[in-house]
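Please read the structure below before turning to the comments.
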Amino acid sequence: MKNKRILATTLGLLAVAALGVTAFQIWEQQNAFRGSEIVPPQAAVPITLQRLDGTPYDLAAQRGRVVVLYFGFTNCPDFCPGTLAKFQQVVARMGETASQVDFVFVTADPDRDTAEVADEYARHFNPTFIGLSGSEDELTPIWQGYYVGRLIVPMPDSVLGYTVQHSTRSYVIDKQGNLRLTFPFEMQAADMAHDLQLLLAEK
C-alpha cells in the first residue's frame, strides 16, 4: 500500500512538473518575437523629412510610439502594395492600439515620388499611413543607414523608363528609439501584430 502511495505521489509530481514546463513553454512562445530580432538593439538611424503639409517628420520625436518603416516606390508592381496592404491588415487586427504605431512609407524613387505622391500612395491603404520623400541627398544616408539595397534598372521598352530594385523588409523602431526588429516580406499580418503588441507593452 505504501509503495502504491509513493508511486502515485511520484506520478503526480511528474505530471505537475510536465504541466509546468508546458505552461512555461506556452508563455515563452507568447512572449517571443516572431520577426527577426536585432540583438543588441541599435539606435535607429535619424530620419527627418518633410511631410506633405510642410511639417517635418522627425523619427527622434516619436519616442513613446512604435514606428514601422518600409522603403519602396509608388510604381512598384508587387512588394510595395503587398506590404502596405498587409500593414492595413495589421491595423485591423490591433484595433485601437494601432493608433500608437506609425506606419511609414519612405520612397526609394525620389525622382518620381514627390512628397505628395508618396503620401497619397501611403494614405490609399490607410488614411493614417505616412508617405515621405526628399531629395536624393537627404535620402541616401537614410537608405544606407538601414542597409536598404537600391538599384535603378533601365526598362527601355517600358513607358516607365526604369524600375527600382529594393529591399523588401520592414524595419521596426521601439518606443525608446531603437531598431528592434525586421519583418520579412512573407511574414503574416497576425505575427506582425503580435510583435507590435509586445513592443507596445514594454515600459
(Q) Report every pair of residues separated by at least 6 positions or lying on different chains whose Cβ atoms are under 9 Å apart, first residue within the range 180-203 and at pLDDT below 95, second surrounded by 14 or more Cβ atoms within 10 Å (Cβ to Cβ) and part of a loop (DSSP other than H, G, I, E, B). (A) K203/K175
Q: Check the range 88-104 and report whether any residue there is surrounded by 14 or more Cβ atoms within 10 Å (Cβ to Cβ), touching a Ser or Thr at 6+ places or on another chain (Cβ under 9 Å) and within 16 Å of F73 (Cβ to Cβ).
A: no
Q. Which residues, counting only those in the range 58-83, are farther than 22 Å from V45 by Cα and assigned to a helix (DSSP H, G or I)?
A. F79, P81, G82
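Please go through the range 57-72 and pick out each residue that is out of contact with any His (no Cβ under 7 Å at 6 or more places or on another chain) and touching a residue at least 24 places away in the same chain (Cβ under 8 Å).
Looking only at the range 57-72, we keep the residues that are out of contact with any His (no Cβ under 7 Å at 6 or more places or on another chain), and these are 57-70.
Scanning the range 57-72 gives Y57, L59, A60, Q62, R63, G64, R65, V66, V67, V68, L69, Y70.
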(Q) For the structure I just gave you, tell me whether R93 is among the charged types (D, E, K, R), over 25 Å from W143 (Cα atoms) and at pLDDT 95 or above. (A) yes
Q.
Need the failing condition index for R34 against (1) crowded, with 16+ Cβ neighbours inside 10 Å; (2) assigned to a strand (DSSP E or B), just the number.
A. (2)
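The values are calculated or read from the model by the stated rules, or taken from the named source; none is laboratory data. Note that the structure is predicted; figures quoted are calculated from it, not measured. Methodologically, a virtual Cβ is constructed for each residue, glycine included, from the backbone with ideal geometry; neighbour enumeration extends over all protein chains shown.
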